[in-house]
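Shown next, in structure tokens, is the structure this report addresses.
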């Protein structure tokens, strides 16, 4: 096997000496960003097992309490597109450190909310500011890490969020049983503040923009950066791929209910089984750099997509917990192979507007996930779990094949620059 054939842009090559000279500072910044990504991921996923406790505490129903999930996720998805132009104008680190301070304050406030409306408002605030962390960390990696080592670095970032994905169900359940849901929000808010404050010790440079790029950032052309990204063929292909990926992998939303209804399991065991998805993503994220050196981007998308397809199709078999556990692990592996490849490639889609490109990528993912969740809900109601699993499995198999072809075109376009 050979590594991917790609010609680094001049700007990327020029950054390598700077990174070597300031590698310690870059390492500190990446560590802080990964820590913040961990806490944001915990915050995003810890609510589901806490809903009964929150509902009882606020004297409302579980269904009404579930609106705080929507209150968080919608601004989280929508605000992805807001941070890109800000980062391209003022710098990635500057945007993250300001937004995360407000995120920490909002999360801390959730622990003191006395009614459902105030909790929902605070979750809207935290979702909006949490949206800055991962896409800006991804764009920062694109700025400071050469392409030859970028996928491994992104894998390290994904590891932080994967650990959070794996731990969140267990943490939420234990906290709800032994302490209070309020304590979890307070702890998450307090622990977020130190790394956010430490980011102020890192110098943040606003990018030097050429005349054409600067014009795209003027107030008269607020949407200019997005138009510039969408007119770039390789960025458009990647955004289309991640939209479809998000839609087809949204089936995981209903696997907890599948375990409850079809397997008859209690919520503790459901949380443990679903947590294996995070274990799979975490383990693969540690190895993705080696995989990227051996296999090309098209092969990683093909292999990852096929593993995702297999994981859903496995669930059509006998309802045995060991088989479900294997499917969750395979799903985690497949997702990292496919998604981290798309993440890495989008960092080179439009180097002069990297923050905007990454933000639009994240927005496409959440838009696809939201659309997929809604469509799969209708499918589940009409035809049951088997139809949902079959559509996701076959759809992901087609996505794998088409995605490999599309990724070849992306590699060609980026290498030709």
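The values are calculated or read from the model by the stated rules, or taken from the named source; none is laboratory data. Quick caveat: nothing in here was measured; it's all calculated off a predicted structure. Please note: Cβ atoms are built from the backbone with ideal geometry, for glycine as well, and neighbour counts cover all protein chains shown.
Of all residues in region 100-120, those satisfying the criterion of being closer than 26 Å to residue 87 by Cβ and surrounded by fewer than 21 Cβ atoms within 10 Å (Cβ to Cβ) are 101, 102, 105, 108, 109. There is at least one residue in region 320-330 that is more than 15 Å from residue 300 (Cβ to Cβ), surrounded by fewer than 24 Cβ atoms within 10 Å (Cβ to Cβ) and out of contact with any helix residue (DSSP H, G or I) (no Cβ under 8 Å at 6 or more places or on another chain). Filtering region 78-88 to residues that are at pLDDT below 80 and crowded, with 20+ Cβ neighbours inside 10 Å leaves 80, 81, 83, 84, 85, 86, 87, 88.
Taking region 280-312 as the range and being at pLDDT 80 or above, surrounded by fewer than 19 Cβ atoms within 10 Å (Cβ to Cβ) and under 17 Å from the mean Cα position of the chain (by Cα) as the test, only 283 passes.
Mind telling me which of the residues 14, 105, 64, 20 ends up being modelled with pLDDT of 70 or more and either part of a helix (DSSP H, G or I) or under 22 Å from the mean Cα position of the chain (by Cα) (or both)? Among 14, 105, 64, 20, only 105 is modelled with pLDDT of 70 or more and either part of a helix (DSSP H, G or I) or under 22 Å from the mean Cα position of the chain (by Cα) (or both). Hey, residue 205 hits all of (1) modelled with pLDDT under 80; (2) within 21 Å of residue 34 (Cα to Cα); (3) part of a helix (DSSP H, G or I) but one; which does it fall short on? Just one mismatch for residue 205, condition (3). Please specify each residue of region 377-399 satisfying the condition of being crowded, with 22+ Cβ neighbours inside 10 Å and within 22 Å of the chain's Cα centre (by Cα). Selection gives 392, 396, 399. Out of curiosity, is residue 369 crowded, with 23+ Cβ neighbours inside 10 Å and assigned to a helix (DSSP H, G or I)? No: the conditions fail for residue 369.
Taken over region 255-269, the criterion of being over 17 Å from residue 335 (Cβ atoms) and at pLDDT 75 or above is satisfied by 258, 259, 261, 262, 263, 264, 265, 269. Return the only residue of 266, 261 being more than 23 Å from residue 92 (Cβ to Cβ), surrounded by fewer than 18 Cβ atoms within 10 Å (Cβ to Cβ) and in contact (Cβ under 8 Å) with a residue 60 or more places away in the chain. On inspection, the qualifying residue turns out to be 261.
Every residue in region 89-98 that is farther than 17 Å from residue 225 by Cβ and surrounded by 22 or more Cβ atoms within 10 Å (Cβ to Cβ), please. Correct list: 93, 96, 97. Taking the numbered list (1) more than 19 Å from residue 157 (Cα to Cα); (2) under 20 Å from the mean Cα position of the chain (by Cα); (3) at pLDDT below 95 in turn, residue 317 passes all entries but (2). All of (1) surrounded by fewer than 22 Cβ atoms within 10 Å (Cβ to Cβ); (2) modelled with pLDDT of 85 or more hold for residue 180 with one exception: (2).
Going residue by residue through region 96-106, is there one that turns out to be free of Cβ contacts under 8 Å to residues at least 40 places away in the same chain and touching a helix residue (DSSP H, G or I) at 6+ places or on another chain (Cβ under 6 Å)? First the steps, then the outcome.
Taking region 96-106 first, the residues free of Cβ contacts under 8 Å to residues at least 40 places away in the same chain are 98-99, 102.
Applying the additional criterion that residues be touching a helix residue (DSSP H, G or I) at 6+ places or on another chain (Cβ under 6 Å) yields 99, 102.
Yes: region 96-106 contains one or more residues that are free of Cβ contacts under 8 Å to residues at least 40 places away in the same chain and touching a helix residue (DSSP H, G or I) at 6+ places or on another chain (Cβ under 6 Å).
For region 110-118, the count of residues that are assigned to a helix (DSSP H, G or I), free of Cβ contacts under 8 Å to residues at least 40 places away in the same chain and out of contact with any helix residue (DSSP H, G or I) (no Cβ under 9 Å at 6 or more places or on another chain) is at least one.
Return yes when residue 126 is under 27 Å from residue 81 (Cβ atoms), at pLDDT 75 or above, in a helix (DSSP H, G or I) and out of contact with any strand residue (DSSP E or B) (no Cβ under 6 Å at 6 or more places or on another chain) and no when it is not. Quick ask: steps written out before the conclusion?
Numbers: under 27 Å from residue 81 (Cβ atoms): yes; at pLDDT 75 or above: yes; in a helix (DSSP H, G or I): yes; out of contact with any strand residue (DSSP E or B) (no Cβ under 6 Å at 6 or more places or on another chain): yes.
Judged against the criteria, residue 126 is a match.
Scanning region 239-254 for residues that are at pLDDT below 80 and either within 14 Å of residue 386 (Cα to Cα) or out of contact with any helix residue (DSSP H, G or I) (no Cβ under 9 Å at 6 or more places or on another chain) (or both) returns a single hit, 254. Pairs only if they're at least six apart or on different chains, beta carbon under 7 angstrom, first in region 226-253 and free of Cβ contacts under 8 Å to residues at least 12 places away in the same chain, second assigned to a helix (DSSP H, G or I); list them, first residue then second. As it stands, the answer is 236/230, since those pairs meet every condition given.
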